[in-house]
1. Considering each residue of the range 151-209, count those that are more than 19 Å from the chain's Cα centre (by Cα), of a type in the set (Val, Ile, Thr) and within 20 Å of residue 245 (Cβ to Cβ), and give that number.
2. Would it be correct to say that residue 62 is open to solvent by 10 Å² or more (accessible area, probe 1.4 Å) and part of a loop (DSSP other than H, G, I, E, B)?
3. Every residue in the range 1-30 that is loosely packed, with under 15 Cβ neighbours inside 10 Å, without any contact (Cβ under 8 Å) to a residue 24 or more places away in the chain and either touching a helix residue (DSSP H, G or I) at 6+ places or on another chain (Cβ under 7 Å) or part of a strand (DSSP E or B) (or both), please.
4. Out of the residues in the range 106-121 meeting the condition of being charged (D, E, K, R) and in a strand (DSSP E or B), tell me which one is surrounded by the fewest Cβ atoms within 10 Å (Cβ to Cβ).
5. Which of the residues belonging to the range 169-190 are closer than 17 Å to residue 122 by Cβ and open to solvent by 30 Å² or more (accessible area, probe 1.4 Å)?
6. I need a count of the residues in the range 170-193 that are in a loop (DSSP other than H, G, I, E, B) and not charged (D, E, K, R).
7. From 96, 80, 103, which residue is aliphatic (A, V, I, L, M), in a loop (DSSP other than H, G, I, E, B) and closer than 17 Å to residue 65 by Cβ?
8. Tally time: how many residues in the range 152-172 are closer than 18 Å to residue 196 by Cα and out of contact with any Phe, Trp or Tyr (no Cβ under 8 Å at 6 or more places or on another chain)?
Amino acid sequence: MTSVGIDAVEIWTGNLKLDLPGTFAPQKGEDPEKYTKGLGLNASSFPDSYEDIVTMGANAAYRLMDRKGLEPDDIGRIDVATESAFDNSKPVSTYVAGCLEQVFEGDFHHANKGERKFACIAGTQSLDDAYNWIRADRHRGRSAIVIATDTALYARGDAGEATQGAGAVAMLISEDPNLVELSAEQGFGSADETDFLKPNQQFPSVDGKRSVQVYLARMREALIDYQRVAGEITVDDFQYAPFHTPFPGMVRKAALLAYRHITRDTEIEEELAEEIGRQPREEAFENEEAFTDAIREYMDGLKRTERYQAWYAETIDPTLTIARDVGNWYTGSVHVARASALKHAAENDRDMVGEQLLVGSYGSGAQAEIHTETVQENWLEEIEALNVDEQLESRYDIDWDDYEEIHDAHNHEMDVDIEPLTTPEGEFAFDGWGRMGERKYRYVE
């Protein structure tokens, strides 16, 4: 069976940077460690006044196609995943294709275009759609481009404000991929939830505590479902575990839950029992409250063990490096985590060919997906082509007044026109409004 997966990836971060401990925390009267240690964030990326989900997605896709030497005829579909869309009918993918047609000969009139919505998991769902399209042999030898692009902004004063971010990830999905092969096996956990939603509004309504609980519950269900089709897994089966990362502190909770579940009824559990006891079994308790208290106590002990901390440092922490400096990218966050993991492997001379990643995606509302990815022979060349470090370093560091202005400029309910803080160069930029209220874009040399 021909392998299908991610052939190449590109990241485009917003051109502005908000320093959380240095700029955000003092204005909020908060201890900087609330952000750096609690949330696990150092900075957020923001879009300048000429940037939005179209420009960031198109910039990432253009760099991807240009680097791979592709033309429009090589692409059979363009899928955009976002929860920051500004039109309830016209998909963002059509805008992106229009941008790309400014810089490539030919057009994308032959390509299937769409837009996926299921909160943050939509990026992975779009990946699945492209995978299935190729597997069904409907691609005619062509590849797909999947773009996850979001401006993950919250209302001013909202508890989620510190986790904001903006950026895009573009992925080329092909046969015989250079980066990772996707597993045919998937596991899902899904339920009708209202932990995070945007009912005809730009900024989300969030039940923060509930959202954490739903995230963990759906992830656990997805992991159990994955094992039903793929068989039991161990902590030694995968080198990294990129999870959906609304903020690194959330992943700390998910990783602990996953480790407890995977090590249950294994030699690792028995060895850890000498230190913290065996995992509580529900049948041993008179009621659910007593069982929950026992689980909480066991988890507190587990996260302090040297064995767990060593696993976390090697398998989870490297997936969070980029996220710490860009914040939440909604649909792109798990794909940023994958890139961060492989970037860590490249920087530490790890031989990843044939190794596996356990990928956990999540979207509020709510659904989680677990699948594995096998690293391919040419992975290192693809990862070394990323210029994300240069992008992060070149961002414009905004002060508080800048932040207030740029947040208002991206608030759809406010009519704010501000001068950009940076100058677009070699990228797509917003270029005003068309006759029907549509957004217009141009490529700036």
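The values are calculated or read from the model by the stated rules, or taken from the named source; none is laboratory data. Here the structure is a predicted model, which is why all the values come from computation and not from measurement. When we count neighbours, we look across all protein chains shown, and the Cβ atoms used for this are built from the backbone with ideal geometry, even at glycine. We work out accessible area using only protein heavy atoms, side chains counted, and drop any ligands, DNA or RNA first. Shrake-Rupley method; radii C 1.70, N 1.55, O 1.52, S 1.80 Å.
1. Adding up the residues that qualify gives 0.
2. Spelling it out, it is not the case that residue 62 is open to solvent by 10 Å² or more (accessible area, probe 1.4 Å) and part of a loop (DSSP other than H, G, I, E, B).
3. none
4. 113
5. Passing the criteria: 186, 188, 190.
6. 7
7. That would be 103, the only listed residue that is aliphatic (A, V, I, L, M), in a loop (DSSP other than H, G, I, E, B) and closer than 17 Å to residue 65 by Cβ.
8. The number of residues fulfilling the criteria is 3.
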